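Participant: Submitted below is the structure of interest, expressed as structure tokens.
Since every read-out is calculated from the coordinates, none of them should be taken as a lab result. For clarity, every value in this text was computed on a predicted model and none was experimentally measured. Ideal geometry is used to build each Cβ from the backbone, glycine not excepted, and the neighbour counts take in all protein chains shown.
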Amino acid sequence: MAVRTTGTGAGAADRTLRVTQVRSAIGTKPKHRGTLRALGLRGLGQSNDLPDRPEIRGMLARVPHLVTVEEVGP
């Protein structure tokens with residue numbers, strides 16, 4: 001069985017994203033609130049460091065109006 005590699009380049013697995021909630025989830029859709037909870041964000045101003053993976057990027061694409069994202073070194 002062949003080993004599958006990703007085309008994201010060397011060191012992609014070492015990258016980390018710092019996600020900070022900058023707007024309230026009050027009045028947003030339930031799916032958006034659930035996405036924030038899945039990202040580990042419980043309240044305004046809270047941050048969480050997450051691995052830079054496609055599933056995390058997909059969740060961030062769902063709530064870009066509620067969070068800020070910055071890349072953090074390894």
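Participant: Excluding residue 72 itself, what net charge comes from residues whose Cβ is under 12 Å from its Cβ, given Lys and Arg +1 and Asp and Glu -1?
Facilitator: -3
Participant: What distance in nm lies between label points placed 7 Å from Cα along the C-beta direction at residue 42 and residue 61?
Facilitator: Spacing of the two 7 Å Cα→Cβ label points: 3.0 nm.
Participant: Evaluate 2.2 N^0.38 Å with N set to the residue count of the range 26-72, then give the Cα radius of gyration divided by it.
Facilitator: 1.07
Participant: Hey, quick one: spin label on residue 71, modelled 7 Å out along Cα-Cβ, who in the range 14-37 has an amide N within reach, i.e. under 13 Å?
Facilitator: Under 13 Å, as judged by backbone N against the label point of residue 71, lie 14-18 of the range 14-37.
Participant: Further question on the same structure: Measuring from centroid to centroid over Cα atoms, what is the spacing of the range 39-55 and the range 57-74 in Å?
Facilitator: 7
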